[in-house]
Amino acid sequence: MFKRLHTARKLFILLLFLIPAPDSGAQDLDKNSILRDEVARYGQARVSISHPGISSLNDLSASVSVSTVRGKNVEITLSPLTIDWFILQNLSYELIERPDVKSFVTAENTKQAMEWESYPTYTQYDSIMRSFAGSYPQLCLLDTIGTSINGKLVLVLKISDNVSEDEPEPETFYSSTMHGDETGGFILMLRLADYLLKNYGTVSRVTTLVDNLEIWINPLANPDGTYRTGNTIVSPTRTNANGFDLNRNFPDPMYITPPVKQKETLDMMKFTKEHHFVISANFHSGVEVVNYPWDRWPRLHADNTWFYNISRKYADTVHLYAPAGYMDFRDYGITNGYQWYSVYGGRQDYVTWERQGREVTIEVHDTYVTPASQLNSLWQYNWRSLIGYFENALYGIHGIVKNKLTGEPLEARVFIAGHDRDSSHVYSGSSDGTFVRLLAPGTWDLTFTAWGCLPAVVEDVVVTEGVKTEITVELQPILNPVDTAATPIPLLYPNPSSHSLRVVLPGRQTGDILVQIFNSLGYKLADYETKTTEGSPLIIDVSRFPGGIYTLVLTNTATHFTDKSRFVVVRN
């Protein structure tokens, strides 16, 4: 009896080995098919992977859109452009469940939408923006940054006491939802505009802001991502209509192969060039934190102390009015970008580096799509911080640079020796000579340089927290014979250079010209239009370029005459 049982047991074990085991490759294939199907149906899919380590994560961030990093987990948003590459990496991943469509709650009409507890249709959004300008014509002007791939308007409001004039006041900028499925900031910006306009002349903090600043608010930077091809928010995507993450699409000197610039990106670049924003912020969701530069470098910004302080102030103000647990990510609600995870081609670093601005990224909700039922809470937690962040532009050093002989305003470089680096200096405006230098409290020596003038140093300028320091600087003009000499070809000096390059132009290169700069490998590093006048050299800032040989290409946009010259950048 025992022998028969033993034989039967051996036969059973043998049969177990003969039964085919589940095919893990087939399972992965089925899982990948589900992933592909979600991207095809909804325009994107989110996955979670285990943190691969800093170096591997940086490499991954250059190829796919990392949405956030939470402890040991990395969330990635895949679009039709990146799904194939991701699958080829054969990474272990988990598909993240899509948000519940019921959380969107579309407003029945514009009036209901302006109660700020539901999401407007795109048509209602357009009407709301127009109603602001129509109801407050002395305070509010409606403009467009551009249009999306699908032709939707990228709208922006200007709010100021003399809104139809370009006053010599600091310009500030809020922009939200460049990731189309991060919706909380969209409604926050609309409600903020409404609050500023309704409370001007009544609430002193609001009146001070509107009287002393030019405030620009862009509630929806990626309408195609939020509304896709429809009029209501149903299945929003992080990317634009072409599948590009717009917050990975800006010029970045760390890119070996620059990404294809999207229309929304080019329009935003043009807009930020036309306006010298002293301070700005772009709003996102996914976690709850204030993220400050740099995103792309492990080194700290020259004004890291200032960035830390204003970020700390934003988060700490939130903590006074929000329940425990809200905005406590990383360092109790703030983080240096790179120390969290690296971002290539982000707008924050582009504005801070290329435009000498001061921008942070503010993540207002740990849920990408904020349920309509939580929109009011989001406002209650953040509105005081939104006001307080704008107020930073009222402080620091505010000045004007003039020609000592004529009294005319000058465009000058404002630089702090031993402090400024990585394009942290600022410029005074060419039309009014004004500048704002936002700094941590202390005593500072400022160096001013302008074409045709002797440099000047203003010493011991005191910066006090929450106080505006005003100065006037007069530069002594000089006449440089080289700058006015007739030349048959562009004359570049000093060459080699480490900071700025003067280009004495032949007569055929006056007027509107296109400036392009290529490195020795042929990659385009600069591409912009400028206006030149006879007898005045073109000044090119080369402080951001690494040492090497570069080619300057100048093209007259009217005559299409082109001149090429080489120059050398040296670094100590």
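Taken together, the values in this text are just the output of simple stated rules run on the coordinates, not laboratory data. Because the structure is a prediction, the values reported are computed rather than measured. So basically every Cβ, Gly included, is an ideal-geometry build from the backbone, and we count neighbours across all protein chains shown.
Using Cα positions and a limit of under 26 Å, work out the lysines in reach of K152, with same-chain residues fewer than 8 apart set aside.
Straight-line reach from K152, under 26 Å: K102, K111, K261, K263, K270, K273.
What list do you get for M114, M269 if you sort them by fewest beta carbons within 10 Å?
M114, M269
Suppose every K and R has +1 on its Cβ and every D and E has -1 on its Cβ; what is the size of the dipole of the stretch 96-180 about the Cα centre, in Debye to the nearest 20?
Details: 6 positive and 13 negative charges, 99 e Å.
Approximately 480 debye in magnitude.
Given A241, G345, V369, which one lies farthest toward the positive end of the charge dipole of the stretch 241-376, if we put +1 on the Cβ of every Lys and Arg and -1 on the Cβ of every Asp and Glu?
G345
About the Cα centre of the chain, how large is the charge dipole given +1 on each Lys and Arg Cβ and -1 on each Asp and Glu Cβ? Please answer in debye to the nearest 20.
Values: 49 positive and 63 negative charges, 404 e Å.
Dipole size: approximately 1940 debye.
Identify all aspartates and glutamates with a Cα-Cα distance to K564 below 20 Å; exclude those on the same chain that are fewer than 8 residues away in sequence.
The qualifying aspartates and glutamates are D483, D512, D527, E529, E534, D541.
What fraction of the DSSP beta bridges in the chain is antiparallel, stated in percent and rounded to the nearest 5?
Bridges in the chain are about 70 percent antiparallel.
Counting only Cα, what are the radius of gyration and maximum Cα-Cα distance Dmax of the stretch 297-355, in Å?
My reading of the Cα-based Rg and Dmax gives 13.0, 38 Å.
Taking other Cβ within 10 Å of each residue's Cβ, how do S118, S67 sort, fewest first?
By the 10 Å Cβ count, ascending, the order reads S118, S67.
Kirkwood hydrodynamic radius, computed over distinct alpha-carbon pairs, for the stretch 396-475: how many Å, to one decimal? Please report the intermediate quantities before stating the final value.
Values: mean 1/r = 0.0792 Å⁻¹.
12.6 Å is the Kirkwood radius here.
Would you mind ranking W340, W353 so that the residue whose beta carbon has the fewest other beta carbons within 10 Å leads the list?
Values: W340 17, W353 23.
The order, fewest Cβ neighbours first, is W340, W353.
Cα centroid distance between the stretch 236-305 and the stretch 554-572, in Å?
What the calculation gives is 27 Å, centre to centre.
What is the angle, in °, between the Cα long axis of helix 122-135 and the longest principal axis of the Cα atoms in the chain? Nearest 10 is fine, range 0 to 90.
Tilt relative to the chain: about 30 degrees.
If packing is taken as the mean number of other Cβ atoms within 10 Å per residue, what is the order of 556-564, 143-151, 447-455, highest first?
Ranking, from highest mean packing down: 447-455, 143-151, 556-564.
What does the helix-only formula give at 222 nm for the chain: each DSSP H stretch with n ≥ 4 adding -39500 (n - 2.57), the total divided by the residues, and the result rounded to the nearest 500 deg cm²/dmol?
Result for the chain: -8500 deg cm²/dmol, rounded to the nearest 500.
Can you spot the aspartates and glutamates whose alpha carbon is less than 14 Å from K158's alpha carbon? Ignore those fewer than 8 places along the same chain.
D143, D166, E167, E169, E171, D194, D211, E214, E274
Grab every C-alpha pair in the stretch 102-387, bin the distances at 10 angstrom width from 0 up to the longest one, and report whole percents.
P(r) for the stretch 102-387, in whole percents per bin: 7, 30, 39, 22, 2, 0.
Run through all the Cα pairs of the chain and give the fraction in each 10 Å bin from 0, expressed as whole percent.
3, 16, 25, 24, 16, 8, 3, 2, 1, 1, 0, 0
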